[in-house]
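A short reminder: the numbers here are calculations on the coordinates, not readings from a lab. These numbers come from a predicted model, not from an experiment. Heads up, the Cβs are rebuilt from the backbone with ideal geometry, glycines too, and the neighbour counts pull from every protein chain shown.
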Amino acid sequence: MDRNPIFESFIADQGYALFEYLGNGAFRAIGNSSEWCEKMWGAGKGHEKTLRLADESPFLENFLVDAEGFWNSNRPGGATSGVWIERGPGSSETPLEATALRLEGKPVLVIHNLAGTYAERQKLFQTARDSLLEHERLIREIQKKEILLHCIVHDLSQPLSAMRGCFNILSLEKLSGDVKRMVETGQRESHRQEQMIRGILEAFSGDLAAQQSPAPEAAGGASLAASAQRVVQELSPAFQDKGIRLRLDPALDVSRESNVVGDASRLERIFGNLLENAMRYTPKGSAVTVGIEEEGPFLLAFVDDEGPGLPPDASADRLFALFAKGKDRPGKAGLGLYFCRITVERWGGKIGAETRKSGGSRFWFRLPRATKILPERKPELAAPAEKPRFVAAERRPAAVARLRAGKSPRRLNILLAEDTDVNRELVIELLHKRGHTVVAAENGRQALAALAKERFDVVLMDEQMPEMDGLEATRAIRAQEASSGKHQIIIGLTGNVTHEDNERRIEAGMDGFLAKPFDMHVLFQTVESPPRGIDRAAAAHVVPAQAALAPPAEGVAEHLWRTTAGNEKLIRSLVKSFLADAPKKFSGIRRAVSQKNAEKLASAAHALKGAMGIFGAQKAVAAARNLEAMGRAGNLQDAAAEFRALEEELHHLTRNLLALQAESKRAAKLPAKPHRPAPRSRRKR
Amino acid sequence: MLQKKVCMLGSFSVGKTSLVRRFVESIFSEAYHTSIGVKVDKKVVRLDGQDITLVLWDIHGEDIFQKLQISYLRGMSGYLLVADGTRRQTLEDALALSNRVTETMGKIPAVLVLNKNDLVDQWEIEPQRESQLAESGWSIFRSSARTGEHVEDVFASLALSMLKK
């Protein structure tokens with residue numbers, strides 16, 4: 001080769017070293033190699049001796065196979081080694097990359113020193129990988145929280161189911177005016193509590209949901225005026241109690257079309273939250289006005305109060321932030337206005353607040369008009385002409401709750417699979433009173449056995465059950481139907497109502513689901529006009545409820561008396577079955593912990609948790625819940641400590657129940673009347 | 001002296017480089033420095049009265065930025081399949097990688113290393129999964145490059161498997 005000193009210097013300066021391959025592992029340096037090359041392999045300037053690079057570097061030894069493969073082929077281009085770090089004298093490390101080329105018909109190996117660019121490249125990779133690791137970490141955090149959230153939601157749903165069931169049963173009785181009103185209050189308040197629980201979780205899940213805008217369920221639109229009117233009607237009594245007048249703006253024409261992007265139940269909750277906020281700040285004797293104004297392609301809804309106006313330092317951002325609370329008269333968790341903001345923004349709207357010139361404040365939200373106008377929903381859903389959409393009970397029109405209860409026109413044979421005793425007994429009681437016959441099963445396996453023996457009009461299937469859960473049982477039923485061509489109506493009973501949960505139900509083959517706690521009217525409507533298939537769009541954004549509601553400070557006897565509406569027979573039966581079953585369930589947990597079996601631990605802890613929840617044993621339930629969450633997360637590191645806490649709490653509960661049972665035997669009455677909590681009402685007798 | 005090529009395989013940030021450094025130099029660095037490309041180290045170990053040079057190929061972790069070049073594995077006598085016990089997915093990715101290796105090169109001695117055992121509170125790999133893998137024939141170690149736990153054992157176990165083959 002003719003030598004060109006300038007060109008050779010340039011090549012060396014750029015960090016390249018060139019070697020001609022002589023065959024049999026031997027190389028000869030071409031031109032002026034770089035200093036690094038000389039230090040590493042003694043192949044420096046003017047060096048003419050033959051080098052055996054494969055002996056110097058294990059990496060090059062390996063690459064030489066690929067390089068020879070290339071030189072012996074007719075392939076165009078070259079073969080590249082990829083980056084490697086070559087150790088040199090004094091433990092120095094040099095990033096290199098080799099390329100086999102054919103130049104002037106000769107096999108040439110080019111080795112490039114990447115020291116100049118390697119650091120930058122590594123920095124880029126490092127940043128990208130750090131971001132990936134952080135992303136993975138956040139996802140894991142979210143997953144862990146979701147598991148805990150689901151456990152809590154499920155726990156909260158169970159006692160609420162019992163309470164609502166008791167009120168529902170009571171409401172079917174012939175009651176005097178006073179008692180009837182009290183039962184109605186109980187029904188209304190338990191419904192309100194359910195809404196609050198859902199609202200809190202929805203607020204937590206809202207950030208995620210907000211990424212999908214507008215939400216699918218909102219696309220059809222809902223009437224802003226009708227929602228305002230309904231909420232004003234519903235909340236007027238509460239405002240009256242406080243001496244505040246709640247009214248619709250006289251300028252509002254309710255009959256005029258006012259459909260906006262959104263869905264009615266959430267619109268009503270937005271109005272409800274804004275009005276509850278107004279109620280806290282409006283002085284007695286003043287008025288709160290709800291109205292709507294037209295703004296081109298938008299409608300603006302407002303709630304005007306006659307309070308002190310907004311504090312000078314209050315910005316809209318702060319007012320509608322998560323956990324924002326007023327200083328003087330704080331509300332509850334600081335989630336109400338946050339829920340309003342994320343919901344309105346998700347629908348493509350805006351929300352704000354300001355002090356009115358005439359005094360007081362105005363809270364407003366602006367929503368785009370719906371492009372597709374749907375017929376306004378009927379105020380009552382008394383006739384089964386419209387098939388209900390079987391999504392969570394709270395999403396059903398409120399009017400359903402006002403359906404008249406009574407005997408069903410058609411007697412149905414219903415299979416109920418539910419592992420929690422108290423819930424099972426309550427649902428049976430309700431369905432019996434409605435005139436239906438019920439066969440009960442405690443798990444999916446028993447349900448399958450019952451289905452093999454007789455025909456049922458509807459199957460109500462709890463999702464989380466021991467031995468075989470509801471989804472698994474549903475899949476088994478659907479698999480059997482593949483040959484028979486029949487279709488069994490299966491309605492899921494669940495405390496988990498996220499989009500993912502719903503997808504699982506659809507995949508398993510359920511026809512619908514009822515979110516616990518459910519109203520008896522919704523239960524009746526569901527079994528008497530069963531759906532065929534879950535409405536994906538409608539259920540897509542239902543989220544479960546979560547809240548850390550303080551448990552009532554009461555003993556086990558008082559708790560049982562309250563949750564069963566004083567049904568002594570039921571209490572006796574519950575205590576007896578718990579004392580018989582709990583040791584087995586507890587042994588299951590002990591085994592799972594000692595065997596470090598996460599799956600079994602989750603299932604065993606879930607079973608005992610449900611059973612203990614009936615007795616209001618909050619600490620024991622919390623310990624079981626934690627064990628269940630550990631099992632689901634597959635992290636049993638703290639399981640032994642939590643197990644000991646559960647053991648202690650269970651011992652405490654068992655002792656109380658045994659005492660209760662003994663007392664009951666003595667008095668032939670359980671719980672003894674003196675255990676009833678003193679009435680808290682200040683009403684004169 | 002007998003020489004055996006050993007490759008370190010696994011996802012990024014599972015601790016392959018740290019395991020090699022701990023084994024070869026008895027050093028552990030808290031800072032994570034991502035690897036690009038390949039680094040080759042050597043260490044002589046004595047097994048059954050015999051000195052063996054382990055030529056350790058620390059190959060960059062696989063991810064969307066860098067894929068494994070199968071040519072790096074040429075001449076390999078055994079490999080350490082490394083997963084991060086605090087990241088469940090890295091185990092599944094490692095097993096998928098191992099399947100690719102077996103498809104290309106046939107059955108080769110290997111040891112599965114569940115690294116970062118010092119972070120037990122963040123451990124994500126269920127004991128059942130571990131038992132299942134052990135039953136399917138994997139030789140499994142829980143190790144920690146930070147504390148040095150089982151690091152020597154991991155390499156010794158692989159060296160023994162390679163010698164027996």
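Exceedance of the 30 Å cut-off in Cα-Cα distance is limited, within the set A:Lys144/A:Lys609; B:Lys67/B:Lys116; A:Lys39/B:Lys107, to A:Lys39/B:Lys107.
So how much slack lies between A:Ala479 and A:Lys407, counting 0.36 nm per residue of separation and subtracting their Cα-Cα distance, in nm?
Result: 22.5 nm gained on full extension.
Of the residues B:Asp41, A:Asp457, the one with the fewest other Cβ atoms within 10 Å heads the list, and the complete ranking is A:Asp457, B:Asp41. Averaged over peptide B:19-25, the number of partner chain Cβ atoms lying within 10 Å of each residue's Cβ comes to 0.
Here the simple spin-label model places points 7 Å from the Cα toward Cβ, and for A:Lys486 and B:Asp121 these points are separated by 5.5 nm. Per residue, chain B reaches -9500 deg cm²/dmol at 222 nm when only DSSP H runs of four or more residues are counted, each adding -39500 (n - 2.57). Let me know the Kirkwood hydrodynamic radius for region B:1-131, please, with Cα pairs as the basis and the value in Å to one decimal. After inverting the pairwise mean of 1/r, the radius is 15.4 Å. Around the amide H of A:Gly88, modelled in the peptide plane, lie the amide H atoms of A:Glu93, A:Thr94, all under 5 Å away and 5 or more residues distant in sequence or on another chain. Summarising the label geometry, the points placed 7 Å from Cα in the beta-carbon direction at A:Ser573 and A:Arg256 lie 5.8 nm from one another.
Taking neighbour Cβ counts within 10 Å as the exposure measure, how do A:Phe7, B:Phe65 sort from fewest upward?
Values: A:Phe7 11, B:Phe65 15.
With the fewest neighbours first, A:Phe7, B:Phe65 line up as A:Phe7, B:Phe65.
Extending 7 Å from Cα along the Cβ direction at B:Lys164 and again at A:Ile139 yields two label points whose distance is 3.7 nm. Neighbour counting of Cβ atoms within 10 Å sorts the residues A:Arg52, A:Arg362, B:Arg129, fewest neighbours leading, into A:Arg52, B:Arg129, A:Arg362. Gain on full extension, evaluated as 0.36 nm per residue between A:Ile6 and A:Ser286 minus their Cα-Cα distance, stands at 91.4 nm. Per-residue shielding of B:118-126, expressed as the average number of other chain Cβ atoms within 10 Å of the residue Cβ, stands at 3.
Kindly provide the pair-distance distribution of region A:66-185 built from C-alpha pairs, with 5 Å bins from 0 and whole-percent values in order of increasing distance. Bin by bin from 0 Å, the calculated values are 2, 8, 9, 8, 7, 7, 7, 6, 5, 4, 4, 4, 4, 4, 4, 4, 4, 4, 3, 2, 1, 0.
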